[in-house]
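Peer 1: Got a structure for you, questions after.
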């Protein structure tokens, strides 16, 4: 507002510029030099947080420690309000709270903690609100004795706070004083003003603050004069809105006054009403209106308290390269420096996983001091693909150093990453100064790059300079914050960053603006778009007060929760008075249907019932809004695209695989398309970045346990010794392979429940045959087909006659008989390979038995019927299957033989599964030459 006034004076003829000050700058005159300077809000909140923490340490039943900073912020807000309204802790203590004694005693405990900050005799420096009230009280006394000879004008304030209202009254009493009340309703009758006397019933009315100010000056509403003879852009609309917003006790006047309202068409002729199906369409429609205004050279402003909506509109305007002049800027935590600072603070003292580390390394400000950003991103990509997605769920400096040994050029970079991880790990319960210093050291090391000092580009550009200012203040005030743990520091650091706002230095569009409701009070445009008109947004839902209810606040002389609603109503009443107005709301948000703003409800209800002409005028408002909605929907219209068919690609025979493992043969039967994608297109599914303790990993770990147990079994081991050794091996392998403590305990307990059954069965198995190979690889060439079958058997035993026993460990369910007949051919194919002498170190031999050893929830030993005739049949079926896929006419059909829709397909997104389903016939298509 101050900047705008200066600009207007600069645009006019040459004059002496008056002194233009903010109300909050009054205390800078020499007359107030003896008043101690106000303490910074951050310091006061840190001091309060420390006091609250000590109180909770001594009385832990009052509140959890997680609430320390929320309580400190709430206490600080209560202190500001008490000091601004002139309410002392003694006043609070004298309230009649006989029916709320339990809750009130807890509240008083906290209020007593902050009593030391009240009163002019306090040794503590005053807060901003306390000093402001002292300044205004002294200024009023000075003016009473020696009124200034020069004019004193206060403009744009509603006097919603106690100290500001004192100033307005003092200026209004000056001989040369004037108070310019923004948005004073000259159309409201005496009965309406009389209904505003009860604060408990009327504080949510837009004119309540003016009524209170007038009463304090012993005046009547009729004594307020128009300060200019300029004609209002929409006088009839002002009268309509005044009627719609009458205080609740006198809304019965609608019945008498509404039918007599004769200018309804004139009142809403330049008003459009948009009720969008979604927030996205609301933003798109607003962007279209602003684009149209920019093309026609009209000054337009979006007015809304919803920052999420304003950001969506800004993004939509970027389609036409229009950058609006946003008065609020961007929240610091959403800028690049803010995000990096927030990430570092959140990870301090945490066990960092792969996604967390990648988020740091891929941040645009990371390693910006070395000039080798490209090399940094290459190393980051290699680390992700070779380690983080493979076997490093929780990266450590040692693990990254071991990975870097594969290539010499990674060594320096890996050491730098290890240093960053080391700095983030140094955390615990320590003074706030140490927490802040550690976070700054870590973020500057991250931004600078390997072996470099400084902070790269972290503190550059407007966002970096704003972040530096916020961090410098935190460093300066940190000694007042006491000691805390990493969790408390993360909450504090995030709340401190949220105070920062960054404005784009690029010259925005000269006629397209985005204002908050406060900025819109004293600025005018040809077209005003009032957006986000839903309950909970405009007006906002009052925040819950943990200290006092409405009646107690009223008795103490504090502001009621409805004050914010009244201020929002005042902003709405002013903004809708523009020459051309668009009202917008979304019918649904991301979660549920919305409720129209109470002012929209009042206006539409009034117009629907006042007369047929008014009802038609309301429909015309909606029709004009629907035009913009239809255009917004058209923006995203595209030509319809039909669903993809079920693929069955036919690549050239020479491109088809010449070798498959036994598990891949089973996959070829069930999902041939997966073999096409993996073996022909050479695509591999990426491992999960955030590895979890899943079933496949558990199976891999138990296979390693079984392998070591069988290979390390000494001769003549007693059953009890075997059980102890097996459990120790399981514990050792889990410790090395599963970095999740909870999963280790759970898996070890599950394995312990099946260990006895396994050992009992093992004694029987080894009485028939002795283990000769574990995890043994093999390859069987099929000469006539030019194809090789490969595989790895979990375990092969041999009896005294030389016959082989092939076992497969199963941690999940064992295949059923039907599954074994159709597609589960792994053990059958291993038997074919064993009889052909295809396994390393094993000659041809008869297969006496193949079986599954179940290690799941129900331990089971299941023998698979595998006679010599069956083995011969399996070999013939394999040859037939491979021969079929060596014909160009045979396509690789997607999901050919799946039992359930939930069959895990690694390439379903590539085959566009979901656009087609299992009832669709495959459409073969030649691919390649």
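The values are calculated or read from the model by the stated rules, or taken from the named source; none is laboratory data. Bear in mind the structure is a predicted one, so any value in this text is a computation, not a measurement. Neighbour counts run over all protein chains shown; Cβ positions are idealised from the backbone, glycine included.
Peer 1: Would you confirm whether or not the range 804-820 contains a residue that is part of a loop (DSSP other than H, G, I, E, B), surrounded by 14 or more Cβ atoms within 10 Å (Cβ to Cβ), modelled with pLDDT under 95 and out of contact with any strand residue (DSSP E or B) (no Cβ under 6 Å at 6 or more places or on another chain)?
Peer 2: First, the residues of the range 804-820 that are part of a loop (DSSP other than H, G, I, E, B): 811-816.
Now narrow it down to the ones that are surrounded by 14 or more Cβ atoms within 10 Å (Cβ to Cβ): 811, 814-815.
Retained after the next criterion (residues that are modelled with pLDDT under 95): 811, 814-815.
With out of contact with any strand residue (DSSP E or B) (no Cβ under 6 Å at 6 or more places or on another chain) added as a condition, the list becomes 811, 815.
So far as the range 804-820 goes, yes, one or more of its residues are part of a loop (DSSP other than H, G, I, E, B), surrounded by 14 or more Cβ atoms within 10 Å (Cβ to Cβ), modelled with pLDDT under 95 and out of contact with any strand residue (DSSP E or B) (no Cβ under 6 Å at 6 or more places or on another chain).
Peer 1: Here is a further query. Against the conditions (1) on the phi < 0 side of the Ramachandran plot; (2) over 35 Å from the mean Cα position of the chain (by Cα); (3) not in a helix (DSSP H, G or I), where does residue 688 fall short? Just the number, please.
Peer 2: Looking at each condition in turn, residue 688 falls short on (2).
Peer 1: Taking the range 584-607 as the region of interest, how many residues are under 12 Å from residue 279 (Cβ atoms) and in contact (Cβ under 8 Å) with a residue 24 or more places away in the chain?
Peer 2: The number of residues fulfilling the criteria is 8.
Peer 1: Further question: Got a number for residues in the range 435-451 being assigned to a loop (DSSP other than H, G, I, E, B) and either surrounded by 16 or more Cβ atoms within 10 Å (Cβ to Cβ) or not assigned by TED's automatic domain parsing to the domain that holds residue 369 (or both)?
Peer 2: Kept after step one, since they are assigned to a loop (DSSP other than H, G, I, E, B), are these residues of the range 435-451: 449-451.
Next, only the ones that are either surrounded by 16 or more Cβ atoms within 10 Å (Cβ to Cβ) or not assigned by TED's automatic domain parsing to the domain that holds residue 369 (or both) stay: 449-450.
Here the count works out to 2.
Peer 1: So residue 838 ticks every box in (1) without any contact (Cβ under 8 Å) to a residue 24 or more places away in the chain; (2) out of contact with any helix residue (DSSP H, G or I) (no Cβ under 7 Å at 6 or more places or on another chain) but one. Which box is left unticked?
Peer 2: Every condition holds for residue 838 apart from (1).
Peer 1: When you go through (1) surrounded by fewer than 15 Cβ atoms within 10 Å (Cβ to Cβ); (2) within 31 Å of the chain's Cα centre (by Cα) one by one for residue 57, which number turns out not to apply?
Peer 2: Single failed check for residue 57: (2).
Peer 1: Out of the residues in the range 221-232 meeting the condition of being in contact (Cβ under 8 Å) with a residue 24 or more places away in the chain and assigned to a loop (DSSP other than H, G, I, E, B), tell me which one is farthest from residue 173 (Cα to Cα).
Peer 2: Filtering the range 221-232 for residues that are in contact (Cβ under 8 Å) with a residue 24 or more places away in the chain and assigned to a loop (DSSP other than H, G, I, E, B), the one farthest from residue 173 (Cα to Cα) comes out as 232.
Peer 1: Follow-up. Being over 25 Å from residue 287 (Cβ atoms) and in contact (Cβ under 8 Å) with a residue 24 or more places away in the chain, is that true of even one residue in the range 628-644?
Peer 2: yes
Peer 1: Restricting the search to the range 573-599, which residues are under 20 Å from residue 280 (Cβ atoms) and surrounded by fewer than 23 Cβ atoms within 10 Å (Cβ to Cβ)?
Peer 2: Those that are under 20 Å from residue 280 (Cβ atoms) and surrounded by fewer than 23 Cβ atoms within 10 Å (Cβ to Cβ): 587, 588, 589, 590, 591, 592, 593, 594, 595, 596.
Peer 1: Let me ask something else. Looking at this structure, is residue 754 at pLDDT 90 or above, in the same structural domain as residue 797 (by TED's automatic domain parsing) and surrounded by fewer than 18 Cβ atoms within 10 Å (Cβ to Cβ)? Break it down into steps so the answer makes sense when it comes.
Peer 2: Details: at pLDDT 90 or above: yes; in the same structural domain as residue 797 (by TED's automatic domain parsing): yes; surrounded by fewer than 18 Cβ atoms within 10 Å (Cβ to Cβ): no.
When the stated conditions are applied, residue 754 does not pass them.
Peer 1: Scan the range 156-165 residue by residue and report those that are touching a helix residue (DSSP H, G or I) at 6+ places or on another chain (Cβ under 7 Å) and either over 16 Å from residue 25 (Cβ atoms) or surrounded by fewer than 20 Cβ atoms within 10 Å (Cβ to Cβ) (or both).
Peer 2: 158, 159, 160, 162, 165
Peer 1: Return the pair list, or none, for Cβ contacts closer than 8 Å from residues in the range 913-924 that are more than 19 Å from residue 890 (Cβ to Cβ) to residues that are outside any loop (DSSP other than H, G, I, E, B), at least 6 apart or on different chains.
Peer 2: Here the result reads 914/908, each pair linking the range 913-924 to a residue that is outside any loop (DSSP other than H, G, I, E, B).
Peer 1: Now for a different question. Go through the range 455-486 and give me each residue that's under 24 Å from the mean Cα position of the chain (by Cα) and loosely packed, with under 15 Cβ neighbours inside 10 Å.
Peer 2: Across the range 455-486, the qualifying residue is only 485.
Peer 1: What are the residues in the range 262-301 that are part of a helix (DSSP H, G or I) and farther than 18 Å from residue 634 by Cβ, if any?
Peer 2: 264, 265, 266, 267, 268, 279, 293, 294, 296
Peer 1: Could you tell me which of the residues 422, 418 is surrounded by 15 or more Cβ atoms within 10 Å (Cβ to Cβ) and touching a helix residue (DSSP H, G or I) at 6+ places or on another chain (Cβ under 7 Å)? Before you say what the answer is, go through the steps one by one.
Peer 2: Details: 422 fails: surrounded by 15 or more Cβ atoms within 10 Å (Cβ to Cβ).
Of 422, 418, the one residue that is surrounded by 15 or more Cβ atoms within 10 Å (Cβ to Cβ) and touching a helix residue (DSSP H, G or I) at 6+ places or on another chain (Cβ under 7 Å) is 418.
Peer 1: Among the residues of the range 316-326, how many are in contact with a helix residue (DSSP H, G or I) (Cβ under 8 Å, 6 or more places away or on another chain) and either within 17 Å of residue 631 (Cβ to Cβ) or in a helix (DSSP H, G or I) (or both)? Write out each step before concluding.
Peer 2: Of the range 316-326, the ones in contact with a helix residue (DSSP H, G or I) (Cβ under 8 Å, 6 or more places away or on another chain) are 316-317, 319-320, 322-324, 326.
Going one step further and asking which of them are either within 17 Å of residue 631 (Cβ to Cβ) or in a helix (DSSP H, G or I) (or both), we end up with 316-317, 319-320, 322.
Within the range 316-326, residues that are in contact with a helix residue (DSSP H, G or I) (Cβ under 8 Å, 6 or more places away or on another chain) and either within 17 Å of residue 631 (Cβ to Cβ) or in a helix (DSSP H, G or I) (or both) number 5.
Peer 1: Here's another thing I want to ask about it. So which of 153, 142 ends up being outside any loop (DSSP other than H, G, I, E, B), surrounded by fewer than 17 Cβ atoms within 10 Å (Cβ to Cβ), in contact with a strand residue (DSSP E or B) (Cβ under 6 Å, 6 or more places away or on another chain) and at pLDDT 90 or above?
Peer 2: Details: 142 fails: in contact with a strand residue (DSSP E or B) (Cβ under 6 Å, 6 or more places away or on another chain).
After applying the criteria, what remains is 153.
Peer 1: Can you give me the number of residues within the range 763-778 that are assigned to a helix (DSSP H, G or I) and either surrounded by fewer than 16 Cβ atoms within 10 Å (Cβ to Cβ) or without any contact (Cβ under 8 Å) to a residue 12 or more places away in the chain (or both)? Please lay out each step first, then the result.
Peer 2: At the first step, the residues of the range 763-778 found to be assigned to a helix (DSSP H, G or I) are 763-768.
Those left that are additionally either surrounded by fewer than 16 Cβ atoms within 10 Å (Cβ to Cβ) or without any contact (Cβ under 8 Å) to a residue 12 or more places away in the chain (or both): 763-764, 766-768.
Here the count works out to 5.
Peer 1: Separate question: Assuming residue 390 fulfils every condition listed in (1) touching a helix residue (DSSP H, G or I) at 6+ places or on another chain (Cβ under 8 Å); (2) in a loop (DSSP other than H, G, I, E, B) apart from one, which condition is it?
Peer 2: For residue 390, the failing item is (1).
Peer 1: Something else now. I'd like the full set of residues that are surrounded by 16 or more Cβ atoms within 10 Å (Cβ to Cβ) and more than 48 Å from the chain's Cα centre (by Cα), limited to the range 698-712.
Peer 2: Across the range 698-712, the qualifying residue is only 710.
Peer 1: So, in the range 389-409, of the ones that are surrounded by 15 or more Cβ atoms within 10 Å (Cβ to Cβ) and modelled with pLDDT of 90 or more, which residue ends up nearest to the chain's Cα centre (by Cα)? So that I can check it myself, show each step before the final result.
Peer 2: Here is the first cut: in the range 389-409, the residues surrounded by 15 or more Cβ atoms within 10 Å (Cβ to Cβ) are 389, 392-397, 399-401, 403-404.
Then keep just the ones that are modelled with pLDDT of 90 or more; that gives 395-397, 399-401, 403-404.
Numbers: 395: 24, 396: 27, 397: 29, 399: 30, 400: 29, 401: 33, 403: 33, 404: 34 Å.
Of everything passing the filter in the range 389-409, 395 is nearest to the chain's Cα centre (by Cα).
Peer 1: A follow-up question, please. Would you mind stating whether residue 884 is within 53 Å of the chain's Cα centre (by Cα) and without any contact (Cβ under 8 Å) to a residue 12 or more places away in the chain? Can you show your working first?
Peer 2: Working: within 53 Å of the chain's Cα centre (by Cα): yes; without any contact (Cβ under 8 Å) to a residue 12 or more places away in the chain: yes.
So residue 884 passes the test.
Peer 1: For the range 650-693, name all the residues that are touching a strand residue (DSSP E or B) at 6+ places or on another chain (Cβ under 8 Å) and more than 25 Å from residue 829 (Cβ to Cβ).
Peer 2: Within the range 650-693, 650 is the sole residue that qualifies.
Peer 1: Conditions: (1) assigned by TED's automatic domain parsing to the domain that holds residue 665; (2) touching a helix residue (DSSP H, G or I) at 6+ places or on another chain (Cβ under 7 Å). Residue 910 meets all but one. Number of the miss?
Peer 2: (1)
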